[in-house]
Ligand SMILES: *Cc1c(COP(=O)(O)O)cnc(C)c1O
């Protein structure tokens with residue numbers, strides 16, 4: 001049996017380090033906003049190349065806090081429109097709603113699965129004030145085009161980098177450092193995963209960083225003095241400690257994922273299957289390896305019968321979800337086609353080349 005993702009195996013090399021850090025924290029008895037959080041924020045900012053990193057409770061909160069901080073700073077007003085890709089995990093949309101703003105869905109490019117800058121341009125109205133680019137499945141969105149668009153229309157550009165830790169442009173600029181502010185999730189299954197919920201915001205904007213920092217800790221910079229109505233969305237000291245143990249493994253892990261993706265790309269030759277675009281460089285960290293095929297359920301069953309687990313990211317488009325009834329009238333044919341056809345193959349830092357070969361053989365027999 002080839003699992004879709006083996007989190008036990010992924011974390012096994014780090015277990016001794018986790019236990020050591022947990023012992024240290026139990027000894028110190030300091031659990032909230034301590035040395036581990038501070039160390040992680042410094043290390044992750046340095047890794048992304050940004051001036052600031054603020055640890056938060058999860059990836060959704062990271063997005064919400066960026067947007068709420070811009071509202072607090074007067075850069076966004078309630079009711080402003082924010083362009084989001086129509087095909088993304090629903091968290092991207094929910095963050096905009098949670099901040100009192102209006103998400104506007106734009107179609108992706110069917111080749112890269114990422115927001116199509118031309119489709120985004122078509123959605124710009126007088127109320128548009130921001131764009132959230134999602135680096136879906138680990139592939140950087142077209143940030144050059146989106147930055148130019150944002151600059152031309154005076155819009156904020158925000159990255160949802162929850163699936164793209166470590167992805168890098170040809171010029172060596174990392175995800176998290178390609179916009180005004182970026183949101184990361186360290187949900188256990190992400191490329192950099194904690195042992196529970198965790199997230200972070202990266203930015204070079206001093207005012208945004210200070211506002212997010214205050215908002216995530218009850219609007220307080222001095223204990224028991226509350227300047228703004230904030231929330232509690234802190235990164236746990238224990239999760240920060242685990243992330244400090246794992247961060248050095250991120251680049252080798254991403255290299256391994258790219259290697260598996262290259263093996264899949266060279267080996268899969270079934271005309272019924274469309275392979276994902278592979279840029280062949282560091283702009284893709286292959287959080288997911290997503291193929292397309294007409295009879296997706298049939299292929300999934302076939303692979304399951306051959307002992308290969310797959311998943312669907314995502315089976316229902318956001319504008320077809322019950323939670324977003326306001327969007328049910330939208331016609332987004334590219335997004336719908338993607339949601340009907342995608343299938344995610346196993347890929348991970350612990351998947352072996354032999355396992356990839358088994359998957360390839362099965363796919364080529366289908
Ligand atoms: C995982 C994910 C999120 C949300 O992260 P959580 O930590 O689960 O809140 C947001 N956007 C995208 C694209 C994601 O994949």
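Each reported figure results from applying straightforward, stated rules to the coordinates on display, with no laboratory input. Just so you know, these numbers come straight off a predicted model, no measurement behind them. All Cβ positions, even for glycine, are placed from backbone atoms using ideal geometry, and neighbour counts span all protein chains on display.
Listing for the model above:
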| item | result |
| --- | --- |
| Taking N as its residue count, the alpha carbon Rg of the stretch 168-211 over 2.2 N^0.38 Å | 1.32 |
| Alpha-carbon spread of the stretch 249-365, three principal axes, descending order, Å | 46, 33, 21 |
| Inter-label distance, nm, simple model (7 Å from Cα along the C-beta direction), residue 331/residue 39 | 5.7 |
| Burial order of peptide ranges 281-288, 41-48 (average beta-carbon count within 10 Å, highest first) | 281-288, 41-48 |
| Candidates 292, 301, 257, ranked by Gaussian network fluctuation over the chain, Cα under 10 Å, top entry | 301 |
| Within the chain, percent of DSSP bridges classed antiparallel, to nearest 5 | 60 |
| At q = 0.12, 0.15, 0.16 Å⁻¹, base-10 log of I(q)/I(0) for the stretch 189-329 (Debye sum, equal scatterers on each alpha carbon) | -0.82, -1.06, -1.11 |
| Ratio Rg/Rh, restricted to the stretch 135-224 and using Cα atoms, in which Rh is the Kirkwood radius | 1.02 |
| Distribution of pairwise C-alpha distances over the stretch 7-247, 10 Å bins, in % | 8, 33, 35, 18, 5, 0 |
| Centre separation in Å (Cα based) which lies between the stretch 159-191 and the stretch 94-156 | 16 |
| Computed FRET value (nearest 0.05) for residue 306 with residue 275, which takes r as the C-beta separation and R₀ as 22 Å | 0.70 |
| Mean ellipticity per residue at 222 nm, deg cm²/dmol - from DSSP H runs of n ≥ 4 across the chain, formula -39500 (n - 2.57) | -11500 deg cm²/dmol |
| Relative contact order [Cα under 8 Å, 6+ residues apart], the chain, whole percent | 22 |
